[in-house]
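All remarks here apply to the structure that follows.
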Amino acid sequence: MSDTDLDDLFDDANGDLAIGDLESAVVKYRKCVELDPDFFDGWHALGMALMKTGNIKEAIGAGLQATTLKPNDLLAWTALSQMYVQDGQIGEAEDAKGNARILSLGGKIVKDA
């Protein structure tokens with residue numbers, strides 16, 4: 001599958017999300033990250049869609065993958081914090097929120113090589 005095909009699939013998933021078809025969006029986001037395991041936007045979107053459908057444990061897994069791929073991404077840490085809160089993991093939520101706070105102030109979680 002080409003990058004164009006991946007982008008089209010991701011756009012289709014975003015369209016499903018926009019009209020409230022969360023289950024279809026989740027299926028397409030899963031396919032995106034299956035095709036490209038390093039696709040940050042796919043992992044981030046999958047985590048958010050899973051959180052909205054109540055699949056919190058799987059959402060956290062996707063959120064962790066997103067923060068692993070882009071450890072200095074503010075939105076990824078913010079989303080992960082929200083996922084942990086929904087799962088009742090308050091300590092982990094605070095840690096993720098702390099990383100988001102560092103980034104919002106211009107810091108880095110992982111220093112550039």
### Summary
Scanning region 83-96 residue by residue, those closer than 17 Å to Val110 by Cα and either in contact with an Asp or Glu (Cβ under 8 Å, 6 or more places away or on another chain) or crowded, with 18+ Cβ neighbours inside 10 Å (or both) turn out to be Ala96
#### Entry: Segments classed as helices (runs of 4 or more DSSP H), wholly inside region 1-82, with at least 1 members that are at pLDDT 95 or above and under 26 Å from Val110 (Cα atoms)
22-35, 40-52, 56-69
### Task
Would you be able to tell me the number of residues in region 10-30 that are surrounded by fewer than 18 Cβ atoms within 10 Å (Cβ to Cβ) and more than 15 Å from Asn55 (Cβ to Cβ)?
8
### Message
Could you tell me how many of the residues in region 40-53 are surrounded by fewer than 22 Cβ atoms within 10 Å (Cβ to Cβ) and either closer than 15 Å to Asp7 by Cβ or among the small types (Gly, Ala, Ser) (or both)?
### Response
2
### Task
Run Asp112 past the list (1) exposed (fewer than 15 other Cβ atoms within 10 Å of the Cβ); (2) at pLDDT 95 or above; (3) in a loop (DSSP other than H, G, I, E, B) and report the number of the one that doesn't hold.
(2)
### Message
Looking at the structure I just gave you, is Gly107 assigned to a loop (DSSP other than H, G, I, E, B), at negative phi and without any contact (Cβ under 8 Å) to a residue 40 or more places away in the chain?
### Response
yes
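The values are calculated or read from the model by the stated rules, or taken from the named source; none is laboratory data. Since the model is a prediction, treat every value here as computed from it, not as a measurement. So basically every Cβ, Gly included, is an ideal-geometry build from the backbone, and we count neighbours across all protein chains shown.
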